[in-house]
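Here is the structure we will look at.
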Amino acid sequence: MALNDPGEKKSKQFLILGIAAFIIILIWAIYTNGALGFKAVLSMMVKTLIWLAIILGIVFAIYKIFFEKGEVNLIANDKQSIIDAGKLCKPPLLRDIFLTGDHEHGEAKLGHIIGYCQIQSYQDAAKGIAIPEDCFIFKTQVFPFSLFEESKVIRCLPHEHTDLVGDVKIYAISPIEKYGYFWPNHTFLNVRRIDQSVVKEAYRGQIHEVMTDLVSITKKSAGLDSEQNKMIDQRKLLKIPSSLDETESRG
């Protein structure tokens, strides 16, 4: 069962083409110049990759600092928080994650588990019941293709999967994707568990963003924000031409 998007397939294709081109160049170098040609090509490739990595790193840093827009995606922020937490405390014995299927649908592998954490679902929070929810962070590709793949998260209750030892099997036929997360297929119509939970998690993130903006606004109003002070100083240094200045220069 494939969970790859078109972007991941293109990255995989480019990587395969690059490896194939590198192998062809090496074979041609060995055929024409023997071992010396192999060493020369290998040395050139290593130097080129090093310089390319440095240049790309500088370009990426410049883009992140000066050009990237600071858009806030509350759901993506929550998902990234779960991914970060899962990678910090992944049990060492976990390997791959599977879907069991049923008597009409066979078992399917989702991918390799790279993280795990447990949160509490909002499903029955209004009733005062805290339901634990397990979050498995996984990737569908193997190394080195996994380097070009974003981490995925599937959320399920403890009774919906096997023990956390070795391969973990989720009692479901297929995954469904809602709001950037994967869920067992039988939860598709569970609005309280999926829709309301994600909305309430985003609401908590919205409070954090509002408080952060409030601190920034307070600093600017009190004249404590360094960036705002720099902008004001720069405006004071700019000489704005006026019609009187133009008349004096002509006279």
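Read-outs: derived from the displayed coordinates by stated rules, not from any lab. This one's a predicted model, so the numbers in the text were calculated from it and none came from an experiment. Note that we place each Cβ from the backbone using ideal geometry, even for glycine, and neighbour counts take in every protein chain shown.
The figures follow:
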quantity: FRET efficiency, 1/(1 + (r/R0)^6) with R0 25 Å, evaluated for L147 and I27 via beta carbons; calculated: 0.45
quantity: For peptides 133-139, 102-108, 194-200, 184-190, sequence by mean Cβ density within 10 Å, most packed first; calculated: 133-139, 194-200, 184-190, 102-108
quantity: Charge tally in the Cβ shell below 10 Å around E133, where Lys, Arg are +1 and Asp, Glu are -1, E133 excluded; calculated: 0
quantity: Amide proton proximity set for K90, modelled H, under 5 Å, gap of 5+; calculated: Y116
quantity: 12 Å beta-carbon shell around D124, net charge (K/R +1, D/E -1); calculated: +2
quantity: Two-site label geometry, K87 and I129: point separation in nm, points 7 Å out along Cα→Cβ; calculated: 3.5 nm
quantity: Full-stretch length increase - I54, E209 - with 0.36 nm per residue and alpha-carbon distance subtracted; calculated: 52.4 nm
quantity: R0 of 45 Å, Cβ-Cβ distance S216-M45: FRET efficiency to nearest 0.05; calculated: 0.40
